[in-house]
1. Of the conditions (1) under 24 Å from Ile274 (Cβ atoms); (2) in contact with an Asp or Glu (Cβ under 7 Å, 6 or more places away or on another chain); (3) modelled with pLDDT of 95 or more; (4) not charged (D, E, K, R), Gly142 clears all except one; give me its number.
2. Just checking: which of the strands (runs of 3 or more DSSP E) contained wholly in the stretch 97-161 hold 3 or more residues that are more than 25 Å from Ala233 (Cα to Cα) and touching a strand residue (DSSP E or B) at 6+ places or on another chain (Cβ under 8 Å)?
3. When the residues of the stretch 282-293 are filtered to those that are out of contact with any strand residue (DSSP E or B) (no Cβ under 6 Å at 6 or more places or on another chain) and outside any helix (DSSP H, G or I), which remaining residue is surrounded by the most Cβ atoms within 10 Å (Cβ to Cβ)?
4. Would you call Leu194 hydrophobic (A, V, I, L, M, F, W, C) and either farther than 23 Å from Thr96 by Cβ or surrounded by fewer than 23 Cβ atoms within 10 Å (Cβ to Cβ) (or both)?
5. Conditions: (1) at pLDDT 95 or above; (2) within 21 Å of the chain's Cα centre (by Cα); (3) of a type in the set (Gly, Ala, Ser). Ala280 meets all but one. Number of the miss?
6. Residues that are under 29 Å from Gly83 (Cβ atoms), surrounded by 20 or more Cβ atoms within 10 Å (Cβ to Cβ) and free of Cβ contacts under 8 Å to residues at least 60 places away in the same chain: does the stretch 251-263 have at least one?
7. Quick check on the stretch 264-281: of everything there that is polar (S, T, N, Q) and not in a helix (DSSP H, G or I), which residue is surrounded by the fewest Cβ atoms within 10 Å (Cβ to Cβ)?
8. Being surrounded by fewer than 18 Cβ atoms within 10 Å (Cβ to Cβ) and either modelled with pLDDT of 95 or more or within 25 Å of Arg63 (Cβ to Cβ) (or both) narrows it down to one of Arg296, Arg239, so name that one.
Amino acid sequence: MSSFRLRLRAIAARILYRLAPPPPPAPVQTLAIAGGIVEVIQSRHGLMLVPRADTTIGEALRRYGEWAESEMTLMAAFIPSGGTVLEVGANLGSHTLAFSRLAGPEGRVIALEPQRFIHACLSGSIALNGCQNVRAFNAFAGDHTGSFLPPTIDYAETGNFGAVHFRNVASAARSFETIQMICADDLDIPRLDLVKIDAEGMEAEVLQGMAKTLDRLKPAVFAEATSQDRSAAVEAILRPLGYRGWMVRAPAYNPANFRADSFDIFGGATETNILYLTEAQAGLHAALIRNLPEFRPELMAD
């Protein structure tokens, strides 16, 4: 969910922060956990367990009470009451909680998060908010089933935990905990309204592993765009299934954030995602996509 450009701008923002510190944020009620590495905060969409050392999504949640809220506003149009959402790369659950509310008690949210510790935080937030329509799996979606050893991460040390990737993981130091990789097709989902993918460069593999489900149910797809080559791989899967894409560039900082904090810690950085719709969906949501440029991989700057 963060790119190299986002990280550079975040570094620049931190330098500015030290040279000219902003006013402190408004006091926030938190449930302190003595000696722990997480805290419970009140976010826009409910109570959340957030690692204290997370420098990007966690920091945004602590300071603003939200993360990528403009994305959530767009995706909400595709989640009817009673609908089903598949979220690949749910992270801490800033969108999961919103999906749960929108889908309602008759709906369903299937959230996949491969990082064991982050999945534990996600599960805690789901329980704190009584989201009984959410099923959270400590697994990763890909183009085959199996298991692998993830990179070793110390969640007490500062880092961008939302940028952990599982491509070429064999070349990194690995932990002893195996993580399951599944194909979303194997979930045999009877209804699917929206697929949200934040897989740090593995979007094409995720989609390849659910091609039958996409062809059968034709959900809207909201996927992170990380590079020209990776986006071209996504296009090669979705175009033959009748999908077209629209580019969604959203600022990481929301001036109308939940806590009304006026300081942008991201230095103007933006997130790039692609909204994929069938022709029927595009016609139904013409007003929503009117001002979005139609996506072509060459629009991505590697």
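The values are calculated or read from the model by the stated rules, or taken from the named source; none is laboratory data. Model, not experiment: these values are computed from the prediction. Every residue, glycine as well, gets a Cβ built from its backbone with ideal geometry; the counts of neighbours run over all protein chains shown.
1. It fails just one condition, (3).
2. Details: elements: 108-112, 134-137, 139-141, 146-148.
Fully inside the stretch 97-161 and qualifying: 134-137.
3. Filtering first and then ranking leaves His285.
4. Values: hydrophobic (A, V, I, L, M, F, W, C): yes; either farther than 23 Å from Thr96 by Cβ or surrounded by fewer than 23 Cβ atoms within 10 Å (Cβ to Cβ) (or both): no.
So Leu194 fails the test.
5. Here Ala280 clears every test but (2).
6. no
7. Looking only at the stretch 264-281, we keep the residues that are polar (S, T, N, Q), and these are 270, 272-273, 278, 281.
Adding the requirement that they be not in a helix (DSSP H, G or I) leaves 270, 272-273, 278.
Details: Thr270: 15, Thr272: 19, Asn273: 26, Thr278: 18.
So the residue we want is Thr270.
8. Working: Arg296 fails: either modelled with pLDDT of 95 or more or within 25 Å of Arg63 (Cβ to Cβ) (or both).
The unique qualifying residue is Arg239.
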